1. Over the stretch 123-166, what portion of Cα pair distances is larger than 13 Å, expressed as a whole percent?
2. Can you tell me the orientation of helix 117-139 relative to the chain, as the angle in degrees between its alpha-carbon axis and the longest Cα principal axis, to the nearest 10?
3. Could you give P(r) for the stretch 1-158, binned at 5 Å from zero, as whole percent values over all Cα-Cα pairs?
4. Assuming 0.36 nm per residue, please report the length gained on full extension of the stretch ASN51 to ALA79 beyond their Cα-Cα distance.
5. Kindly provide the helix-only [θ] at 222 nm of the chain, computed as the sum of -39,500 (n - 2.57) over DSSP H runs of four or more divided by all residues, to the nearest 500 deg cm²/dmol?
6. Modelling each spin label as a point 7 Å along the Cα-to-Cβ direction, I'd like the ASP132/ALA12 distance in nm, to one decimal.
7. Between the DSSP loop rule and a limit of at most 16 other Cβ atoms within 10 Å, which trypsin sites (Lys or Arg not before Pro) in the stretch 145-180 are left?
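Since every read-out is calculated from the coordinates, none of them should be taken as a lab result. Here the structure is a predicted model, which means the values were calculated and not measured. When we count neighbours, we look across all protein chains shown, and the Cβ atoms used for this are built from the backbone with ideal geometry, even at glycine.
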Amino acid sequence: MSTVRPLRQDAARNRERLVLAAREVFGREGLDASLEEVARAAGVAIGTLYNRFPSRGELVDAALAPLAGEAVAVAERAAGVSDPAAAFDSFMTQTCALFARDRASTGVYRSRVPGTPAIAAAQRRLWALKADILARARQAGAVRADVESTDIAILMWGVIGTMDATRDVAPEAWRRHLALLLDGLRPAAAHPLPVPAVAPAQLRDARPLRASG
């Protein structure tokens, strides 16, 4: 029989407020945002935050785990599309749509915060799905043969930059940017690339303009 006690109602409400506030603050400021700011946004004391989430990783994992599940579901649906070109376009478009809908979702892809097992598991699954979708598209001739998974990640950072720059004036502008990128990945007019792709280890150390993880 379980000995874990359920949270009291007030404690459960505080936890829910903290998770919602963390999603908002992390989406706006990045995963290294001040935890004091998260506590203020939730309307609780910083001590209450640490009582519920002793480490930053526990709070990040709780706040972003639902978004991690959504991101994996998007990639799995795209991977299930039989046509390789359509699968690749679906993955890119629907993933970027998730970024546009919830700014905190970029943290699922960018997070390097220790102690986030749910996000880490989602990242591994996402990387494998993306690699498979890209490999199928390359093999089918739908994407140029020299495109790597790290290229796709950096191109998505560019789309996120467009979202951030135009969110208040033209919230759908990212779709035009993405369409241009997708056309640019087609092999028909491809030229040799001047330098090699960024290695996965280099990508982990890269810093996008908006520090969402």
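1. 60 percent
2. Between the helix axis and the principal axis of the chain, the angle is about 10 degrees.
3. With 5 Å bins starting at 0, P(r) equals 1, 9, 17, 18, 16, 12, 9, 7, 5, 3, 2, 0.
4. So the chain would gain 6.0 nm between ASN51 and ALA79.
5. That calculation yields -21500 deg cm²/dmol at 222 nm.
6. About 3.7 nm, to one decimal.
7. Within the stretch 145-180, the qualifying trypsin sites (Lys or Arg not before Pro) (loop, at most 16 other Cβ atoms within 10 Å) are ARG167.
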